[in-house]
Amino acid sequence: MTARIIDGQAIASELRARVAGEVARVKRDHGLTPGLAVVLVGNDPASEVYVRNKHAQTQAAGMASFVHRLPADVSQADLLALIARLNRDSSVHGILVQLPLPKSLHTETIIHAIDPKKDVDGLHPNNAGRLAAGFAALAPCTPLGCIILT
C-alpha cells in the first residue's frame, strides 16, 4: 500500500463551489433560499469557532444563516421551544444544535426534538437508524468528510 498526499484545501474548495452552485440553482429554479439555523448554548471556545465558521461558510454558499446564541443556563423548556419554532419555520431547512450542551440539558431529548427532515447532523434516531440500515439518510458532516477525503 502506498501513501498519497491528500489536498484537503483543494477538495474543500471544490465542494464549497459545488454547494454554492447547487444553492444558486435552487434559488433560480425554485425561488427558494436554503436556510440553516445553528443553536449555540453557552460559550465553549471550540463551539464558538465552529459556529462562526459554519455561519460564514453558509453565507458564502448563498444560503440564509440563522445563529441562535443562548446562555449556558437556558432552561430545557426554553431550548425545546426554540427548536419547535425552528421546526415550524419555513425559511429554516436545516437545524444544527451545537454539541456538547451544558450538563443541565438532556442532549438526547434535545436531539429528539429536532424535526428529522431538518436534522443536519443526522443524529435524530430516525436518521441514524436509516443510515445504519443502509437506507437513504443525511450523513453527519465529519464522517462524510472523512469518506470524501479517502
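Could you put ILE5, ILE148 in order, starting from the residue whose Cβ has the fewest other Cβ atoms within 10 Å?
Numbers: ILE5 5, ILE148 13.
Exposure proxy ranking, most exposed first: ILE5, ILE148.
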| task | Mind checking which lysines have their Cα closer than 24 Å to the Cα of LYS27? Skip sequence neighbours fewer than 8 apart in that chain. | result | LYS54, LYS117, LYS118
| said: Using only DSSP helix segments of four residues or longer, with each worth -39500 (n - 2.57), what per-residue ellipticity at 222 nm results for the chain after dividing by its residue count and rounding to 500? | reply: -16000 deg cm²/dmol
| task | Round to a whole angstrom and tell me the spacing of the C-alpha centers of segment 108-150 and segment 19-67. | result | 18 Å
| Relative to the first principal axis of the alpha-carbon coordinates of the chain, what is the inclination of helix 8-30, with its axis defined by its Cα atoms, in degrees from 0 to 90 and to the nearest 10? | 70 degrees
| message | Based on the alpha carbons, how large is the Rg to Rh ratio for segment 55-130 when Rh follows Kirkwood? | response | 0.96
| said: Using only alpha-carbon positions, what ratio does the radius of gyration of segment 9-119 give when scaled by 2.2 N^0.38 Å? | reply: 1.14
| task | Report the charge-dipole magnitude of segment 5-64 in Debye, nearest 20, computed about the Cα centre from +1 at each Lys and Arg Cβ and -1 at each Asp and Glu Cβ. | result | 240 debye
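Just so you know, all these numbers are worked out from the coordinates, no wet-lab data involved. Keep in mind it's a predicted model, so treat the numbers as computed, not measured. Don't worry about glycine lacking a Cβ; one is built from the backbone with ideal geometry, like all the others, and counts go over all protein chains shown.
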